[in-house]
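Have a look at the structure below before the remarks.
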Amino acid sequence: MVNAELLVHKIANEISPEPIRQIFEKQVLAKVLTSGEFEFGLGSNRLSRYRYAPGEMILCRKNTEEWVRWRSPIQMLLIMVPDQTLHSVAEEMGGRAPELNGTPLLKDDRIRALMAAAEADHANGSPAGRIYMDSIGRALAAALLHSQGVLRSPMRHYRGGLSPVQLRRVTSFVHEYLHEDVSLRQMAEEAKLSPAYFSQMFRQSTGVAPHQFVLRARVERARELLVKEDARVLDVAIACGFQTQQHFARVFRAFCKMSPTQFRQARLA
């Protein structure tokens, strides 16, 4: 029987002189409880440094090899959302649960409130029982799908091409470095293939060329950011890897048939 219960527990990480390999087999949300700093990335020799304040949230990647070096002691609250809950909620929303893209800094007031409710219930010994925690889990699943998954176009899979592990590493790399000028060579290195052969295999796996996939991923990330009222269009463009606001507007219109401003107005109306 699949465990469909929301799992909540606290961890305390100590300083680690060397990068530590980790893979989460379930969807994990983390809330920082004490200030801390660590380095993180998809390779042990390619780490980015992050500094956190209490209350900030992280959405971890599922089934992805990651490396972390703890630069200071830090305490976190981990909440594991079961696959069964994600799939059940996705079906009720009229679709299939996509793979949620992790983010080193998740900003969502609804998710923050739900995590606080789960934390309080856990600290008090779950007096309301399993039903209450299950309801929090379903609400968290819905919020995550809406915030991190629903806007993403489902990827069509084709026979042949890259292995599932290769494809997952490449797509995770792209989503982590959307704000940078991702190159074909970098994507190929994630799959451990030559650029020419990788391009052929990637198209065979996804039905699109690597550069088209990157543009689509940038536009999808932009759609998420544009619904936040405090985000300027220029800031969204830069955060999604576009060098100029004009280039961003041109690519966005090609994919969405409207300008970024029109999209925001329609969503916030």
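Condition first: assigned to a loop (DSSP other than H, G, I, E, B), acidic (Asp, Glu) and over 19 Å from the mean Cα position of the chain (by Cα). Can you find one or more residues in the stretch 8-21 that meet it?
Restricting attention to the stretch 8-21, the residues satisfying the condition of being assigned to a loop (DSSP other than H, G, I, E, B) are 14-19.
When the remaining residues are screened for being acidic (Asp, Glu), the result is 14, 18.
Add one more test, that the residue is over 19 Å from the mean Cα position of the chain (by Cα), and what stays is 14, 18.
Looking through the stretch 8-21, at least one residue is assigned to a loop (DSSP other than H, G, I, E, B), acidic (Asp, Glu) and over 19 Å from the mean Cα position of the chain (by Cα).
For the condition surrounded by fewer than 18 Cβ atoms within 10 Å (Cβ to Cβ) and under 21 Å from the mean Cα position of the chain (by Cα), what is the one hit in 54, 73?
Exactly one residue qualifies, and that residue is 54.
Kindly indicate whether residue 156 is of a type outside the set (A, V, I, L, M), more than 23 Å from residue 262 (Cα to Cα), modelled with pLDDT under 90 and surrounded by 16 or more Cβ atoms within 10 Å (Cβ to Cβ). Outline the logic, then answer.
Working: of a type outside the set (A, V, I, L, M): yes; more than 23 Å from residue 262 (Cα to Cα): yes; modelled with pLDDT under 90: yes; surrounded by 16 or more Cβ atoms within 10 Å (Cβ to Cβ): no.
No; evaluated as a whole, the condition is false for this residue.
Quick test for you: out of 254, 266, 249, 231, pick the one residue that is more than 25 Å from residue 170 (Cα to Cα) and surrounded by fewer than 13 Cβ atoms within 10 Å (Cβ to Cβ).
Going through 254, 266, 249, 231 in turn, just one is more than 25 Å from residue 170 (Cα to Cα) and surrounded by fewer than 13 Cβ atoms within 10 Å (Cβ to Cβ): 266.
How do the pairs read when you match residues in the stretch 20-33 that are within 10 Å of residue 62 (Cα to Cα) with residues anywhere that are of a type in the set (A, V, I, L, M), using Cβ under 6 Å and keeping only pairs 6 or more apart or on different chains?
What qualifies is 26/80; 27/81; 28/78; 28/80.
Filter the helices (runs of 4 or more DSSP H) completely within the stretch 181-256 down to those with at least 2 residues that are under 23 Å from residue 64 (Cα atoms) and at pLDDT 90 or above. Even if it seems obvious, please write down each step before you answer.
On the way: elements: 184-191, 195-206, 210-226, 233-239, 245-256.
In the stretch 181-256, the matching helices (runs of 4 or more DSSP H) lie at 184-191, 195-206, 210-226.
Could you check how many residues of the stretch 257-269 are part of a helix (DSSP H, G or I) and basic (Lys, Arg)?
2
For residues that are within 19 Å of residue 220 (Cα to Cα) and among the aliphatic types (A, V, I, L, M), scanning just the stretch 174-186, find the one that is surrounded by the fewest Cβ atoms within 10 Å (Cβ to Cβ).
Here the residue is 178.
For the stretch 36-97, give me every one of the strands (runs of 3 or more DSSP E) that falls completely inside it and has 3 or more residues that are of a type in the set (Ser, Thr, Tyr).
Values: elements: 36-43, 46-52, 57-59, 66-70, 74-81.
Strands (runs of 3 or more DSSP E) meeting the threshold: 46-52.
Give the residue that is surrounded by the most Cβ atoms within 10 Å (Cβ to Cβ), with candidates limited to residues of the stretch 28-47 that are within 25 Å of residue 81 (Cβ to Cβ) and modelled with pLDDT under 90. Working first, answer last.
Within the stretch 28-47, the subset within 25 Å of residue 81 (Cβ to Cβ) is 28-34, 36, 38, 40-42.
Retained after the next criterion (residues that are modelled with pLDDT under 90): 40-42.
Numbers: 40: 21, 41: 19, 42: 18.
Taking the candidates together, the pick is 40.
The values are calculated or read from the model by the stated rules, or taken from the named source; none is laboratory data. Everything numeric in this text was worked out from a predicted model, so none of it was measured. Because the Cβ atoms are built from the backbone with ideal geometry, glycine has one as well, and the counts that use them run over all protein chains shown.
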